[in-house]
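Below is one structure; the comments refer to it alone.
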Amino acid sequence: MAVSFFDDKSIMPQDDMVADALGNTHALWDEIKGHVQNTYPAITGEWKHYGKAAGWSYKLLSKKRNLLFFVPLKDCFRLRIGLGERGVACVEADDILPEEIKEAFRAATPYVEGRSIDIDISRHEQLEIIKRLLHIKYTN
């Protein structure tokens, strides 16, 4: 079974399908998307199918730079964000981000393009963490 709730490559998810899958967390999905589109310039979004094991994800880009990946799940969703080493250093130095986020970046496998972490979103309180990580990503 795919990670994403939507695994059939022949059926690209539509807004009503996403709303049904996410349930109450659909408002959080929309709020994060809206924040990115209103805060950062030249934002585009696109659905991508990453294979049978991963399924469909929605990614937001600034020009050609990946900012954030949304993976729809049942009644919640996962965000994947990657940071370069400068961004990871900013996370480490940040006084507001929780230790679990810092630890997730420490534990993430380093690649040439940086380190990525996944955060399952199900509560409104998580939005400030996402906004902070996006700011760090965009400015580094």
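Structure notes:
- Helix 127-139 and the longest principal axis of the C-alpha atoms of the chain enclose an angle of approximately 60°.
- Inter-part distance where the range 23-55 and the range 73-118 are each reduced to a Cα centre, Å: 18
- Relative contact order of the range 28-98, taken over Cα pairs closer than 8 Å and 6 or more residues apart, is 17 percent.
- Cα gyration tensor shape of the range 63-115, rounded if a/c is under 1.5, else prolate or oblate by comparing a/b with b/c: oblate
- Cα gyration tensor category, rounded, prolate or oblate, for the range 5-53 with a/c compared to 1.5: oblate
- Over the chain: helical MRE at 222 nm, DSSP H runs n ≥ 4 each giving -39500 (n - 2.57), nearest 500: -11500 deg cm²/dmol
- Taking the average, over residues, of other Cβ atoms within 10 Å as the packing measure, peptides 31-41, 124-134, 7-17 rank 124-134, 31-41, 7-17 from highest down.
- Paramagnetic reach from residue 109 in the range 45-59 [backbone N under 18 Å; point 7 Å along Cα→Cβ]: 50-55
- 15 Å cut-off, amide nitrogen to a point 7 angstrom out along residue 75 Cα→Cβ, residues in the range 18-38: 20-26
- Solvent-free Debye scattering, log10 I(q)/I(0), computed from the Cα coordinates of the chain at q = 0.09, 0.15 Å⁻¹: -0.26, -0.75
- Between residue 125 and residue 12, the simple label model (points 7 Å from Cα in the Cβ direction) yields a spacing of 3.8 nm.
- Amide H contacts of residue 78: 71, 73, 121, each under 5 Å away and 5 or more positions distant or on a separate chain (H built 1.01 Å from N in the peptide plane; Pro and chain starts excluded).
- Annotation: amide H-H contacts under 5 Å for residue 67 (H modelled 1.01 Å from N, sequence separation of 5 or more, or interchain): 60, 61, 62.
- The chain: angle of helix 26-39 to the longest principal axis, Cα-based, in degrees nearest 10: 50
Coordinate-derived values only; no laboratory data. Here the structure is a predicted model, which is why all the values come from computation and not from measurement. Ideal geometry is used to build each Cβ from the backbone, glycine not excepted, and the neighbour counts take in all protein chains shown.
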